[in-house]
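Report on one structure; see the data block that follows.
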Amino acid sequence: MNKYRLKSKLILILFALNLVSCVNLKSVGDFSVSSIESIKNYELIDYSFLQHCLDRCADEAIRLYEIKRAQECSCALYEDADSVAQVFYNTIEGYFVGLGELPNNELTTYSSEALLGVLTTEEVGPLQIDERTASAFSSLSNTLLRASTDFYRRKKLAKYIEDANEPIQILLDKFEVIISTNLKGELRFRRERLYAYYMDMKMSRTVLSDYEKGQATADYYHALEEIKRKEMELEVFGKSLNEIAKGHQVLYENRNELSVKSLQNLAKGYSSNIKALISEFKKLNH
Amino acid sequence: MANLTSDQAKQLSDNFYYLGMAIGDFRYENWDKLSLEENKELSETQNMLLQTGEDILAFSTTLIMDEAVDSLAKINSIASEIQGTIKKLSNIQKGLNVAAAILILGVAIVNRDTKGIGDSIKGVYDTWKAPIR
């Protein structure tokens, strides 16, 4: 009878602990993984401030029909702007990598095989432990460990999310401005310069044959198309930064209930929005 | 005088862009009325306005850095704290391995197994010395 009670109690304890340890931090982990993937697209962006400066120099040389042995460009200001963007990128990426690693279950799925091996030894001193009981003990110890570390991780995660929310919102917002307003804004100037170049050509009637006229028009629209593609790429990247910021805000608002199902669904929504933008970005990037 | 903000720099850049655009439109609308020299001069002015606008926009980006310096520092320190926590969690596996090795030693002692005791002590030592994964 006593043996039966002990077994029932053990089962009950295991069940309760499993409920606690099953509290998963998947919502934070999945959201961070999507965020990292999206942020890393920065490295794939087909444009930079420096590139813009070099393109401008080339456009100027073409406009003035300047042929030199090497292109002379002063781009220090543009290189500085790229360095600033790089600092934002590194900082934001570093934070999300950490945030993504902490809820990773592999960190707390400790192997209890060694312990199990010892417990199933036929003779543990004067005691005899059968394999099933040993397995139950092992499972219990693992669950206890998982429960304690899950609790620790939840507590830590909640603290990090709380501390990071305000600065990360600022950084994501500023990074979005750098990419979708400033870098994209530079392209607007390039578009205007091209317009002036081809309009001057048209108005001064320097192009005479129909073929040349057609070629010049085709070149102009081809260049515009390329600018448009780059602008869209930058815009999509900017949108994904906004989605990441919104998702982080939701995590912050629910930081003390990181295991709640509704939060998992909410975070999933942001993760899939980010994933959709990642795939849109990739289409534009090819 | 207060320092220029990134927003103000962006607005300035917009102004230069629209001015450059307006001069271009003026040139094309009055193409036949303008002398070659006047047209050239206006074209150069248009070009300079566009270049200045571009430069201001790049400069605006460097101003953002000054405005976000506190947030950058905060996030960097939180990221290192997270790394520290992860390291602590990884050490738990080592603790478990050492506990299992000590348990084997305990069993050997209880069994008065001299060879087992020798082997177990080596086992505990090796596990303890093993690098943290």
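What about A:Tyr89, is it within 25 Å of A:Lys228 (Cα to Cα), within 12 Å of chain B (Cβ to nearest Cβ) and crowded, with 17+ Cβ neighbours inside 10 Å?
yes
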- Item | Number of positions in the stretch A:165-203 that are surrounded by fewer than 20 Cβ atoms within 10 Å (Cβ to Cβ), of a type outside the set (Asp, Glu) and farther than 23 Å from B:Gln51 by Cα | 3
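Could you check the stretch A:195-226 and list, in sequence order, the residues that are away from every other protein chain (no Cβ under 14 Å) and either β-branched (Val, Ile, Thr) or not in a helix (DSSP H, G or I) (or both)?
Hits for the stretch A:195-226 are A:Val207, A:Leu208, A:Ser209, A:Thr217.
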- In this structure, does B:Asp14 turn out to be without any contact (Cβ under 8 Å) to a residue 12 or more places away in the chain and either at positive phi or within 10 Å of chain A (Cβ to nearest Cβ) (or both)? no
- Message: Give all pairs with beta carbons closer than 6 Å in which a residue from the stretch A:44-73 that is within 20 Å of A:Ala216 (Cα to Cα) meets a residue that is open to solvent by less than 30 Å² (accessible area, probe 1.4 Å); count only pairs at least 6 apart in sequence or on separate chains.
- Response: A:Asp59/A:Arg193
- Query: Identify, please: which residue in the stretch B:1-32 is among the small types (Gly, Ala, Ser) and either open to solvent by 30 Å² or more (accessible area, probe 1.4 Å) or not assigned by TED's automatic domain parsing to the domain that holds B:Leu49 (or both) and is, among those, farthest from B:Glu54 (Cα to Cα)?
  - Reply: B:Ala2
- Message: Against the condition at negative phi, modelled with pLDDT of 80 or more and more than 7 Å from chain A (Cβ to nearest Cβ), how does B:Leu49 come out, does it pass?
- Response: yes
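The values are calculated or read from the model by the stated rules, or taken from the named source; none is laboratory data. Quantities reported herein were computed from a predicted structural model and do not represent experimental measurements. Reconstructed Cβ throughout: ideal geometry from the backbone, glycine too, with neighbour counts over all protein chains shown. Heavy atoms of the whole protein, side chains included, go into the accessibility calculation; ligands, DNA and RNA do not. Shrake-Rupley method; radii C 1.70, N 1.55, O 1.52, S 1.80 Å.
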